[in-house]
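Notes to accompany the following structure.
The values are calculated or read from the model by the stated rules, or taken from the named source; none is laboratory data. Because the structure is predicted, anything quoted here is derived from the model rather than measured. Here Cβ is always computed from backbone atoms with ideal geometry, including for glycine, and neighbour counts include all displayed protein chains.
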Amino acid sequence: MDFSIFLQQLVNGASLGSMYALIAIGYTMVYGVLRLINFAHGDFMMVGAFLTLFGYSAGIPFELSVLLAIVGSAFIGVMTDKIAYKPLRDAPKISLLITAIGISFFLENLFIVLFGATPKAFNAPEYLTKVFHVGEIYLPISVIIIPIVTVLILTFILYILYKTKYGMAIRALAFDIPTVKLMGVDADRIIMIVFIIGSSLAAIGGIFYAVSYPSIDPLMGIIVGLKAFAAAVLGGIGSVTGAVLGGFILGFTEIFVVAMFPELGGYKDAFAFFFLILVLLFRPTGIMGEDLERSRF
Amino acid sequence: MGSLVRNSIFIAVAVAFIYFAGDVFGSYKMFLINTIGIYAILALSYNLINGVTGQFSLEPNGFVAIGAYFTAILLLSTESKIDMYALVDPSPIVLSMHTGSLAIALLVGGVAATIIALLLSLPVFRVRGDYLAIVTLGFGFIIRIFAINNPEFTNGAMGLNDISSSINFYWVGGILLITFIVMLNIIYSKYGRAMKSVRDDEDAATAMGINTFKIKTLAFMTSAFFEGIGGGLLAVLITTITPDQFSFLLTFQLLIIVVLGGLGSMSGTLIATILVMVGMEALRFLDEPNILGLGNEAHPGLRMVIFSVILIVVMLFARRGLLGDRELLDFFKKSKK
């Protein structure tokens, strides 16, 4: 492989990996606190992209619609928890999982009803889609912005988790909910914060996705969500840094395998699952994780 | 009333219904009844792994697709395959596979799904709970991706059509009856009790000397066998199959049926299949254009919005479904005591 092509793929991989990482953080945080694979998480990403498109095409400036979409997704995430997950905190895990699948399907079909099932063009403002040529490398500006923003967000999340009172409460909840409640922490409020963080990050991931692949449809969250989940497991579920690491590994693998073996292009959506199965077979705790049943941040 | 008499009466009534249904109902209603029958076969076998054995998995669309494709390829004649495969020429294996017999075609579909289930169980049953759900969900996706990317076997995204065979309710009803009886017999057998013990407490079951991996694999393979056959019937009934028919939507519908009927209850699943399928049909008008003033575009999602709300509401307020994990007859037995 030519060096410039290699660099090009490296940049693309970093950008794709950032999106997976952003979405994987939400999976891993919700799993850490509730021990629930939030099936609807991939759809929060779709909601983010669609709300941005909706605001933008309604004449609201792009930056403001992004902000509104993030707030909207966070709101939907919190409502999902309040309506569908909170009443089932003491129920068997399976019930919670089925409800999560129900929510996921509800969101997908609601957006099909509202916006139609056909893919919509997502025309981001020009300053995001402008393309630079550095030597032979082709660089849309978004490809540079996305990894930088992701690193900033990750730093912020780690700051919240390890340097603030709320972060301490989140980490404590991951150990043991009843005890934390006895210590006087409002567990439901902390869980709400986890959902706010998770779904806003998913929305940001979704907006990045829409900017890079400028076509969105209500079912886009399924496959990306599953890949991000695979990334979270790869990195070690429950670990935020692990989720980011898993996201980048998956992003690079996907880009490089397709670049080196173009005939495998049709299977790129299947890589994540092969990864997932391999990880679960040989190192179920992932790269950073400890025990699956008792994973920590 | 002795159980022999009771069972004979049940079977006689079922056989009579299967025999006379074609004369009583019109062709539209027969299509619906056939569809309900096939979904009942799928849901009953899905309930064996999900409800009875308690291994929450999301793979039926994969097994149904395997059964459907095998049956379809076996039933299509060599000439029609050569005509139909537009992207690439069909592989010699596909061309050499042909049988005129629906029974053999269905059986091969079922056996193929069973073999895949055996291979799949080796990795997937090393994990439990939500991990199992997501790995099996991935399997369903991979089957679909495989079908799209291997046009020499499956004709890619265009799928197969004109799968003609003289399907009638004798086939669907007969296989449904067999499935139902087999499932009930499994539940009340030693294996069925082992499956329930795995569901209720896997560690305790292991401690009692039950090989939980073997029991799960058995349930998984049985379930896959009937799902494969059901998939074959589905292919023959609607005569056209494409990879997109076997998306997660199919699994989701089965999940609603199984949860509504009660995880672990076979008779509950039968009742729920009829309720859900008739409900789907009755709510079809919701997907027409111009409902709720949402514009002229047809919105195929509104029915599924309603069904996902139903699923959530059932989980929130009536987690045990219609019959819980009991059979219809258990309710009569209780009152005798």
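For the range B:127-143, which positions are more than 8 Å from B:L58 (Cα to Cα), in a helix (DSSP H, G or I) and at the interface with chain A (Cβ under 7 Å from one of its Cβ atoms)?
Of everything in the range B:127-143, those that are more than 8 Å from B:L58 (Cα to Cα), in a helix (DSSP H, G or I) and at the interface with chain A (Cβ under 7 Å from one of its Cβ atoms) turn out to be B:G129, B:D130, B:Y131, B:V135, B:G138, B:F141, B:I142.
Among the candidates B:S57, B:S96, which residue alone is over 13 Å from B:G232 (Cα atoms) and at pLDDT 90 or above? Spell out how you get there, then give the answer.
Numbers: B:S96 fails: at pLDDT 90 or above.
The match here is B:S57.
Out of A:A202, A:A232, report the one residue that is within 16 Å of A:V47 (Cα to Cα) and either within 14 Å of another protein chain (Cβ to nearest Cβ) or under 18 Å from the mean Cα position of the chain (by Cα) (or both). Don't jump to the end; show me each part of the working.
Details: A:A232 fails: within 16 Å of A:V47 (Cα to Cα).
When all the criteria are applied, what remains is A:A202.
Do we have any residue at all in the range A:8-31 that's in a loop (DSSP other than H, G, I, E, B), over 30 Å from A:A259 (Cα atoms) and either away from every other protein chain (no Cβ under 14 Å) or among the basic types (K, R) (or both)?
In the first step, residues of the range A:8-31 are kept if they are in a loop (DSSP other than H, G, I, E, B); the result is none.
There is no residue in the range A:8-31 that is in a loop (DSSP other than H, G, I, E, B), over 30 Å from A:A259 (Cα atoms) and either away from every other protein chain (no Cβ under 14 Å) or among the basic types (K, R) (or both).
Specify which of the listed residues (B:L122, B:L87) is within 30 Å of B:D203 (Cβ to Cβ), at pLDDT below 95 and loosely packed, with under 15 Cβ neighbours inside 10 Å.
Details: B:L87 fails: within 30 Å of B:D203 (Cβ to Cβ).
Among B:L122, B:L87, only B:L122 is within 30 Å of B:D203 (Cβ to Cβ), at pLDDT below 95 and loosely packed, with under 15 Cβ neighbours inside 10 Å.
Listed here are the residues, each with its yes/no results for (1) farther than 16 Å from B:F56 by Cβ; (2) in a helix (DSSP H, G or I); (3) away from every other protein chain (no Cβ under 12 Å).
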{"site": "B:F225", "(1), (2), (3)": "yes, yes, yes"}
{"site": "B:G232", "(1), (2), (3)": "yes, yes, yes"}
{"site": "B:V236", "(1), (2), (3)": "yes, yes, yes"}
{"site": "B:D244", "(1), (2), (3)": "yes, yes, no"}
{"site": "B:L249", "(1), (2), (3)": "yes, yes, no"}
{"site": "B:Q253", "(1), (2), (3)": "yes, yes, no"}
{"site": "B:I256", "(1), (2), (3)": "no, yes, no"}
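Given the condition at pLDDT 85 or above, in a helix (DSSP H, G or I), touching a helix residue (DSSP H, G or I) at 6+ places or on another chain (Cβ under 9 Å) and within 14 Å of chain A (Cβ to nearest Cβ), answer yes or no: does some residue in the range B:161-175 qualify?
no
Say we look at the range B:213-246 and pick out the residues that are buried (at least 24 other Cβ atoms within 10 Å of the Cβ) and not hydrophobic (A, V, I, L, M, F, W, C); which of these is farthest from the chain's Cα centre (by Cα)?
The selected residue is B:K216.
Select, from A:G55, A:G59, the only residue that is more than 28 Å from A:I98 (Cβ to Cβ), over 18 Å from the mean Cα position of the chain (by Cα), not in a helix (DSSP H, G or I) and not charged (D, E, K, R). Give the derivation first.
Numbers: A:G55 fails: not in a helix (DSSP H, G or I).
The unique qualifying residue is A:G59.
Please determine, by comparing only the residues of the range A:86-142 that are farther than 25 Å from B:L58 by Cβ and β-branched (V, I, T), which one is farthest from the other protein chains (Cβ to nearest Cβ).
The qualifying residue farthest from the other protein chains (Cβ to nearest Cβ) is A:V134.
Do any residues in the range B:60-88 that are over 17 Å from B:P151 (Cβ atoms) have Cβ atoms under 7 Å from those of residues that are polar (S, T, N, Q) and in a loop (DSSP other than H, G, I, E, B), where the two are at least six apart or on different chains, and which pairs are they?
Matching pairs, first to second residue: B:N61/B:S247; B:L74/B:T99; B:L75/B:S165.
Suppose we filter the range A:71-85 for residues that are within 10 Å of chain B (Cβ to nearest Cβ) and surrounded by fewer than 19 Cβ atoms within 10 Å (Cβ to Cβ); how many remain?
The number of residues fulfilling the criteria is 1.
If you go through the range A:209-229 one residue at a time, how many are away from every other protein chain (no Cβ under 12 Å), over 11 Å from the mean Cα position of the chain (by Cα) and assigned to a helix (DSSP H, G or I)?
Number satisfying all stated conditions: 4.
For a quick check of your reading: which helices (runs of 4 or more DSSP H) sit entirely within the range B:24-113 and have at least 2 residues that are among the hydroxyl-bearing types (S, T, Y)?
Values: elements: B:27-47, B:60-75, B:78-84, B:92-96.
Here the list reads B:27-47, B:60-75, B:78-84.
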